[in-house]
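*Asks:* One structure, pasted below without further comment.
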Ligand SMILES: *Cc1c(COP(=O)(O)O)cnc(C)c1O
């Protein structure tokens, strides 16, 4: 069996039955993706539109493609026809554009709101306050072709496991709050996407039911590939 298949199987052995594994294939080849596909993996995560497009075109069409990177509004139109879940929604403007493109394709697009919890400065993600505000905005209710499925977050890039656990716990508590306040009657709001290669086990202990694992499956990424 290939190293990729081995890695996948050992990760699967550590996941709860209700945890969904997103195999993050950014910067890895179509052949690498096929190796994971051959041992049953069907959900792959990509972070750049220009990389996702050819992969989606060439690879089997029963793959569910998740978009996990920062998404510019002017690129939504490319992925709208086929994307299965967008993890990184962090503004009303982006939601409106996803909704517009979803309407154009006559489909409903599933999204997660990206929460910014980590200590690090990042331009991306909503603070809890911004997320509360967004969800009470009447404009969000008009977005008929978007389905808000839950929250996504990333922990701080630190070694301190307690800090990482505390951040995931904060995301988990906030998810519960949003569930009670806005989605109590909506079973579609059921996803908590946190945890990557180095911290997916911690994430799983603190509420994650979707983990996004890249290098632990595919190996280190080479960012300068031609
Ligand atoms: C790259 C990436 C991952 C996967 O990271 P690994 O450390 O390789 O597991 C997960 N989530 C997001 C948002 C990413 O950009």
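*Asks:* Quickly run through segment 106-121 and pick out the residues that are under 25 Å from residue 169 (Cβ atoms) and surrounded by fewer than 17 Cβ atoms within 10 Å (Cβ to Cβ).
*Replies:* Of everything in segment 106-121, those that are under 25 Å from residue 169 (Cβ atoms) and surrounded by fewer than 17 Cβ atoms within 10 Å (Cβ to Cβ) turn out to be 119, 120, 121.
*Asks:* Hey, could you check segment 187-226 for residues that are more than 16 Å from the ligand (Cβ to nearest atom) and under 11 Å from residue 150 (Cα atoms) and say which is farthest from the chain's Cα centre (by Cα)?
*Replies:* Looking at residues that are more than 16 Å from the ligand (Cβ to nearest atom) and under 11 Å from residue 150 (Cα atoms), I get 187.
*Asks:* Taking segment 25-54, which residues are farther than 16 Å from residue 215 by Cα and in contact with a strand residue (DSSP E or B) (Cβ under 7 Å, 6 or more places away or on another chain)?
*Replies:* 42, 52 - these are the residues of segment 25-54 that are farther than 16 Å from residue 215 by Cα and in contact with a strand residue (DSSP E or B) (Cβ under 7 Å, 6 or more places away or on another chain).
*Asks:* Going through segment 190-211 one residue at a time, which ones are closer than 13 Å to residue 156 by Cβ and surrounded by fewer than 22 Cβ atoms within 10 Å (Cβ to Cβ)?
*Replies:* 196, 198, 202
*Asks:* Residues of segment 22-50 being within 11 Å of the ligand (Cβ to nearest atom) and closer than 13 Å to residue 63 by Cα, which ones?
*Replies:* 22, 23, 24, 25, 45, 46
*Asks:* Mind counting the residues in segment 150-186 that are within 16 Å of the ligand (Cβ to nearest atom), within 20 Å of residue 136 (Cα to Cα) and in contact with a helix residue (DSSP H, G or I) (Cβ under 8 Å, 6 or more places away or on another chain)?
*Replies:* Total satisfying the criteria: 2.
Read-outs throughout are calculated quantities, based only on the coordinates presented, and are distinct from any laboratory measurement. Everything quoted here is computed from the prediction, not taken from an experiment. Note that we place each Cβ from the backbone using ideal geometry, even for glycine, and neighbour counts take in every protein chain shown.
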